[in-house]
Every structure is written in C-alpha cells, then in structure tokens.
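Values quoted throughout were computed directly from the atomic coordinates according to the rules given, and no laboratory measurement underlies them. This structure is a prediction, so every number in the text was calculated from the model and none was measured. Here the Cβ positions follow ideal geometry from the backbone for every residue, glycine too, while neighbour counts run over all protein chains shown.
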Amino acid sequence: MNFIDLFAGASGMSEGFINAGFVPVSHIEMDKYACDSIRTRAVYHYLKENDKEDYYNDYLKGNISREELYEHAPKQILDSVLNIEINDKSIKSIFEKIDKRLGDKEIDLIIGGPPCQAYSILGRHQENIENDPRNKLYIQYGRFLKKYQPRAFVFENVPGLLSAQKGQHFKNLKTYFRKMGYEVYHDKLNSADYGVLQARKRIIIVGWRKDNDHGFPAIEKIKRKFTVNDCFQDLPKLKPGEALKVTPYSLNKNEYLEKYELRNGVDFVTQHIARPHNERDLNIYKTAIKKWNRERVRIKYPDLPSHLKTHKNESSFIDRFKVVDGKGVSHTVVAHIAKDGHHYIHPDIKQCRSISVREAARLQSFPDNFFFEGPRTAAFKQIGNAVPPLMASAIANKMREYLCQI
C-alpha cells in the first residue's frame with residue numbers, strides 16, 4: 001500500500017509507516033534541510049532493500065559525500081521529495097508531479113500534519129492569531145483528499161487544535177473533511193504509551209472514505225518499563241560544545257535500545273553533538289540538576305541567586321530551565337530546542353549541558369542511523385517538529401490491518 005506525506009518535516013511519521021510496510025509515493029515539505037534529510041533517508045531505504053547498506057554507512061562515516069551517496073539510488077527516489085510550500089499557487093504543480101509518478105495507480109493513504117505553532121500554547125499568545133495563515137492549511141490538506149480520494153487519511157497536530165477559536169476551528173475542520181467524503185474520528189494520544197520515552201501528547205485525526213469506515217483505530221498501549229537513562233546509557237559522555245560526529249558506543253545495547261531497534265545494525269553513532277554554554281548558564285544548570293535529582297523539584301527563575309539572573313521579569317516564563325527526567329520519561333521536545341537548550345538539560349550533573357542532537361533524536365525514537373541534514377540548529381528544529389516514528393508505527397500497523405480488510 002502506498003501513501004503521500006504532506007507537510008512531511010524530516011519524515012518521522014513517514015518512517016513509522018514505511019516500517020509498517022507502506023511505500024511512499026511522495027513527500028512534500030517546504031524546509032530545505034528537512035527535504036535533504038528525507039532524501040537521504042529515502043536513499044537508505046532503497047539501499048537497505050537492495051543489500052547495499054555499506055554505501056549508506058560510508059556516508060555516515062564521512063567516507064563519501066552526499067552527492068556520491070545519491071548516485072547509488074535511482075533518480076525517481078530523489079525526485080519523490082518535493083521541496084515546495086503547499087499553497088494556492090503551488091498545488092496544481094504539485095499534483096502534476098505526483099500524477100507523473102503515480103501513473104495509473106491509486107493512492108491508498110495520505111498522512112501528515114500542517115505546521116502546528118498556530119495552535120500551540122505559545123502560539124495562542126500571538127496577536128491576531130485568528131488570521132494566522134497556518135490555521136487554514138487543513139484546507140490544502142483537504143484538496144489532496146479531493147484530488148486523490150485515498151481510502152483513508154491520518155492527520156496529526158497539537159492538542160491546542162481542539163480549543164482554537166473556542167473549538168470552532170476544529171468543528172470547521174471536521175465539517176470540511178466530511179464534505180470531502182470522509183467519516184472523521186479523533187483521539188488524543190501520548191507517545192509515551194507506544195515506546196517513546198517522551199510525554200508528547202498529540203491529536204490524531206483519522207478519516208475513512210465512507211464506503212469503508214473503521215472508526216478510530218484501536219491502538220494497544222505499551223506498559224512503560226524503561227526510562228530516559230536507558231535511552232542515553234550507551235552514548236559517550238560529552239562536555240558542553242563537544243561534537244562527536246562519528247563515535248563508537250560506550251556500552252553494549254540494553255533491553256530498551258534492542259527492543260525498539262534504536263541501535264539498528266551499526267557499531268557507531270553519529271551527530272552526538274552538544275551546544276556550547278556560557279559560565280552563567282552552566283551554573284544555573286548545576287543548580288537545576290541538583291534540585292531535580294535530589295528533590296524532584298523544577299527550579300523557577302525567581303529561585304535563582306541574584307548573580308545568575310539576567311533580567312527583572314520574574315512572572316513570565318519562570319520555568320525556562322528544565323532538566324530532562326532521567327528516571328522517567330522526558331517532557332515534550334519541541335522545535336524551540338533549536339534556539340537554546342535551557343528546557344532540555346541533561347540529567348547527569350557530571351556532563352552538565354543541554355542534550356545533544358542524537359539524544360534529542362532518541363527521545364523522539366529516531367533510530368541511530370537516521371541522519372539529519374544541515375547545521376546543528378537545523379537538526380534540532382527537524383527533531384523538535386517531528387512525529388515520533390515509534391508512535392507513527394503503532395498507528396500505521398493498525399491502519400494497515402484495517403486497510404487489508406477492505
């Protein structure tokens with residue numbers, strides 16, 4: 001069964017559906033670095049299917065360039081990734097490109113979620129939020145449904161989608177999708193219930209063409225038994241600003257890493273890169289880590305010693321510094337991690353830094369051989385915006401089961 005991934009980001013959702021046996025026809029994404037990441041991953045999947053993974057591993061190790069890697073995959077694999085913003089002007093061209101790839105085939109499934117900042121808690125503080133163009137991107141999504149009439153679709157977004165404009169926005173969205181010919185269902189899922197070591201709540205909307213309605217998929221939750229410390233255990237210790245672009249693991253893989261295949265076949269890890277910090281921030285981090293590890297208490301900005309404070313505002317964003325819970329699951333990883341790491345402090349006081357690119361990727365359940373193209377900030381942004389592949393796999397496996405019954 002095939003699918004189109006809209007607003008694909010770095011293809012975390014797509015990764016889950018590919019792992020469940022679906023085949024991508026096209027990914028559409030406006031961010032250049034994210035598109036580069038999708039192409040690199042698409043080449044990986046092609047090489048894996050053809051027993052040529054060594055070329056991909058050579059790329060990860062820096063032995064060959066990205067251009068040389070791409071030479072080992074057919075052009076149509078690379079051309080399936082469309083670096084285009086989906087809007088009124090571009091949509092006709094996008095349809096033409098997809099039609100050329102499709103030929104006489106039909107689309108089984110459409111997945112994806114429009115940028116969600118407009119519905120997020122932070123987004124609601126913006127002025128004139130009702131006129132934010134991102135609020136209407138579901139209409140573009142619906143145009144793909146109207147054009148290709150897939151048997152089903154999966155639409156992902158933040159919980160704030162339900163309360164935007166006092167619930168009217170979500171009501172309009174459901175009405176619109178029903179007009180496109182779909183029965184629409186939704187539920188709030190927490191990625192921590194599906195093997196992801198992160199409490200990430202998302203609204204999942206599932207639509208079925210009215211001739212094969214299956215309701216919302218009954219996705220079985222996984223009992224939690226692992227922690228963030230299990231997720232980070234085998235990664236080499238880092239100092240602030242240290243960058244291990246390619247490095248051996250420091251320990252053998254544990255039960256969590258093996259069960260969920262985060263260490264998937266290679267004996268090295270990439271992009272274990274930490275951002276640098278100034279002395280003041282490091283002192284704040286030490287204070288925050290001690291307070292969290294000893295008392296399970298989050299440090300608030302007003303609690304900081306006066307010499308560590310940089311401004312007088314002690315009423316807004318007072319929880320700016322947050323330690324990742326090593327003995328539990330992480331709080332939600334968001335794209336703001338690209339700007340600073342204060343909200344994602346490593347729980348190990350001996351390392352005293354914010355989490356690395358690879359650690360953030362693991363919290364999102366990306367396998368270690370998933371490579372994020374672009375500079376460090378671009379990698380962090382892609383990771384923060386992504387759908388965790390493990391949660392996507394749980395959804396995809398159930399969708400495949402239902403679709404096979406049609």
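Taken about its Cα centre, region 228-385 carries a charge dipole of about 600 debye when Lys and Arg each add +1 at the Cβ and Asp and Glu each add -1 at the Cβ. Here the extension length gained between Glu295 and Asp230 equals 21.3 nm, from 0.36 nm per residue of separation less the Cα-Cα distance. Extension gain for Thr247-Lys92 works out to 51.3 nm (0.36 nm per residue, less the C-alpha to C-alpha distance).
For the chain, the longest principal axis of the Cα atoms and the long axis of helix 376-385 meet at an angle of about 60 degrees.
Each residue in Cys231, Cys35, Cys404, Cys352 was given a count of other beta-carbon atoms within 10 angstrom of its own, and listing them fewest first yields Cys404, Cys352, Cys35, Cys231.
With K and R counted +1 and D and E -1, the other residues having a Cβ less than 12 Å from that of Val246 yield a net charge of 0. Site pair Lys48 and Thr310 shows an inter-label distance of 4.0 nm when each label is modelled 7 Å from Cα along Cα→Cβ. With contacts taken as Cα pairs under 8 Å at a separation of at least 6 residues, region 212-318 carries a relative contact order of 21 percent. Ignoring lysines fewer than eight residues from Lys136 along the same chain, the ones with Cα atoms less than 17 angstrom from its Cα are Lys89, Lys146, Lys166, Lys171, Lys174, Lys179. When you restrict to C-alpha pairs under 8 Å that are six or more residues apart and normalise by the size of region 289-367, the relative contact order lands at 27 percent. Over the chain, dividing the summed -39,500 (n - 2.57) contributions of all DSSP H runs of at least 4 residues by the number of residues returns a 222 nm mean residue ellipticity of -10000 deg cm²/dmol. Placing pseudo-labels 7 Å out from each Cα toward the beta carbon at Thr332 and Lys210 gives an inter-label distance of 3.4 nm.
Here the gap between Arg280 and Ile349, fully extended at 0.36 nm per residue and compared with their Cα-Cα distance, gives a gain of 23.3 nm. Here the dipole of region 209-276 is about 260 debye; that uses its Cα centre as origin and unit charges on the Cβ of Lys and Arg (positive) and Asp and Glu (negative). Rounded to the nearest 20, the size of the Cβ-charge dipole of the chain about its Cα centre is 1480 debye, with Lys and Arg at +1 and Asp and Glu at -1. Taking Cα pairs under 8 Å and at least six residues apart, what relative contact order does the chain come out at, in percent? Here the relative contact order equals 19 percent.
Between region 59-78 and region 338-357, how far is it from one alpha carbon centroid to the other, in angstrom? The distance from the Cα centre of region 59-78 to that of region 338-357 comes to 32 Å.
Against the chain, whose longest principal axis comes from its Cα atoms, helix 32-49 is set at around 70 degrees. Along the axis of the charge dipole computed for the chain (Cβ charges of +1 for Lys and Arg, -1 for Asp and Glu, origin at the Cα centre), the listed residues Gly112, Leu82, His72 are led at the positive end by Gly112.
Within 10 Å of each candidate Cβ there may be at most 14 other Cβ atoms; applying that plus a DSSP loop requirement, which trypsin sites (Lys or Arg not before Pro) in region 341-396 survive? Here the trypsin sites (Lys or Arg not before Pro) that fit, given the DSSP loop and packing criteria, are Lys350.
As a proxy for reagent exposure, ranking Val357, Val25 by other Cβ atoms within 10 Å from fewest up yields Val25, Val357. Ordered by the count of other Cβ atoms within 10 Å of each Cβ, fewest first, Ile355, Ile98 give Ile98, Ile355. Summing +1 for each Lys or Arg and -1 for each Asp or Glu among the other residues whose beta-carbon sits under 12 angstrom from that of Arg101 gives 0. With 31 Å as the limit, the listed pairs Lys223/Lys322; Lys223/Lys309; Lys48/Lys350; Lys97/Lys381 have Lys223/Lys309; Lys48/Lys350 beyond it between alpha carbons.
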